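Notes follow once the structure below has been shown.
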């Protein structure tokens with residue numbers, strides 16, 4: 001049999017977990033009643049923004065000849081894109097290091113942020129141009145289906 005201390009400890013722990021769960025539920029309910037349109041506003045903002053690229057959906061929706069073309073284009077870009085990713089990560093690490101310094105150098109951070117934006121733009125442009133190359137020769141109906149799939153959630 002369990003000792004009384006262990007039983008009491010389990011009982012107290014169980015009550016604490018139940019109170020925590022109840023608190024989360026009540027907190028969510030109160031937040032929803034105080035801001036009833038926040039969910040709708042968030043959805044409308046998300047729908048207005050460009051959906052995240054779904055590479056798996058894009059590739060799966062491609063007809064066979066375009067899949068081969070896409071493979072060739074993506075393989076050609078792979079090395080450069082990996083270098084771009086490494087460069088972006090390096091810039092982010094440098095920015096974080098600058099932000100952690102005791103004496104924050106605003107101009108240095110602004111300069112690194114500008115470099116980061118440029119690197120991210122170059123990365124994005126290369127990816128976009130690769131996708132465009134794949135889509136260029138497709139008929140309108142196939143292209144529309146592929147675009148729909150590349151915008152769908154993962």
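If you count, for each residue, the other Cβ atoms within 10 Å and average over each peptide, how do 54-61, 7-14 line up from highest to lowest?
54-61, 7-14
Just to confirm my numbers, what's the Cα centroid distance between region 4-30 and region 115-147 in Å?
Region 4-30 and region 115-147 have Cα centres separated by 51 Å.
When each pair of different Cα atoms in region 55-151 is counted once in the 1/r mean, what is the Kirkwood radius in angstroms, to one decimal?
15.5
Just so you know, all these numbers are worked out from the coordinates, no wet-lab data involved. These figures come from a predicted structure and were not determined experimentally. Don't worry about glycine lacking a Cβ; one is built from the backbone with ideal geometry, like all the others, and counts go over all protein chains shown.
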